[in-house]
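Written below as structure tokens is the structure these notes are about.
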């Protein structure tokens with residue numbers, strides 16, 4: 001009986017040994033397969049130990065950086081980084097130890113020929129059975145060209161911003177020149193003509209009704225032309241900004257806007273005492289002007305609300321109407337030059353512009369800018 005049990009036990013042991021051998025072969029096969037995949041991967045792959053030393057790299061990694069296995073195996077990975085990135089690696093590597101994965105971490109690597117490239121790492125963290133950090137396994141992507149393009153785009157945007165500011169400055173200078181010519185030449189000529197016409201009217205005999213009927217319409221046209229010229233002058237060169245705060249100028253402009261258009265206006269200004277630098281005041285006033293122009297020309301509104309408030313060291317200007325409501329297509333239309341100008345000026349002020357329309361209920365324009373006040 002005992003012998004039969006021993007025989008059965010030996011047979012079970014033999015089966016287990018066969019299974020173990022089979023598992024070993026399968027494991028070895030998997031290791032070889034993994035090794036092949038690791039080595040032949042088109043993406044640069046690396047493994048680091050718990051102290052940041054290189055355990056293994058694949059062919060794509062070596063091809064990218066120009067080193068051999070012998071030159072990098074056992075080398076501290078941080079030594080391959082650009083000097084300004086080495087401290088960053090130490091901090092990030094310590095942070096990796098408490099994470100499960102690495103996503104989009106950027107470093108500057110120095111190739112063997114001393115060329116520098118920017119790479120983005122993604123990978124996993126390996127732990128032992130007791131949960132201790134032992135290795136990192138990462139792939140990286142060379143994003144140097146992409147970063148260069150991003151830098152060029154950023155530089156282009158900054159150049160465009162400066163150019164826009166310069167163009168706006170020139171435009172304001174031209175407006176100031178034109179307004180000066182209007183005031184000095186046309187304005188004075190109209191004033192003189194107005195005085196002459198009034199003197200002429202006084203000299204017309206009372207029984208010359210025909211002449212009086214001719215002069216009276218001329219006076220009305222001349223008065224209207226004179227007022228229109230003053231409005232154009234004030235619009236081209238908001239000289240009030242040299243003597244009054246932006247809130248006072250907005251109130252004055254809104255009063256004239258209501259008289260001219262017949263659109264009922266409601267003004268709510270909390271930030272009455274704030275005085276911005278001249279350039280910033282003019283830029284904000286021009287945005288405000290364009291917002292009112294859009295209300296007058298396009299939205300068919302009967303009422304407009306203007307609010308100027310200070311919030312968290314920022315100035316917020318809201319222009320809200322009850323018109324037909326601007327569409328998203330119109331807001332994003334590249335041919336909407338007025339809206340583009342508003343956006344550019346807001347960008348020049350370092351602020352944000354929001355334009356939201358609700359069909360049949362109106363449009364709300366919100367301009368928020370950092371509050372750099374005059375000392």
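Cut-off is 10 Å between beta-carbons; in what order do 144, 302 appear when sorted fewest neighbours first?
Fewest to most other Cβ atoms nearby, the residues stand as 302, 144.
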| task | Evaluate E = 1/(1 + (r/R0)^6) for residue 84 and residue 278, where r is the Cβ-Cβ distance and R0 equals 35 Å; express this FRET efficiency to the nearest 0.05. | result | 0.30
| Where does the stretch 233-336 land on the Kirkwood hydrodynamic radius, alpha-carbon pairs, in angstrom? | 14.6
| remark: So, relative contact order of the stretch 43-99 in percent, Cα under 8 Å, 6 or more apart, is 27
| Can you put 305, 367 in order, fewest other beta carbons within 10 Å first? | 305, 367
| Once the piece of chain linking residue 114 and residue 98 is laid out straight, how much longer is it, given 0.36 nm per residue of separation minus the C-alpha distance between them? | 2.5 nm
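Every number here is computed from the coordinates shown, using simple stated rules; none is lab data. None of these values were measured; they are calculated from a predicted model. Neighbour counts run over all protein chains shown; Cβ positions are idealised from the backbone, glycine included.
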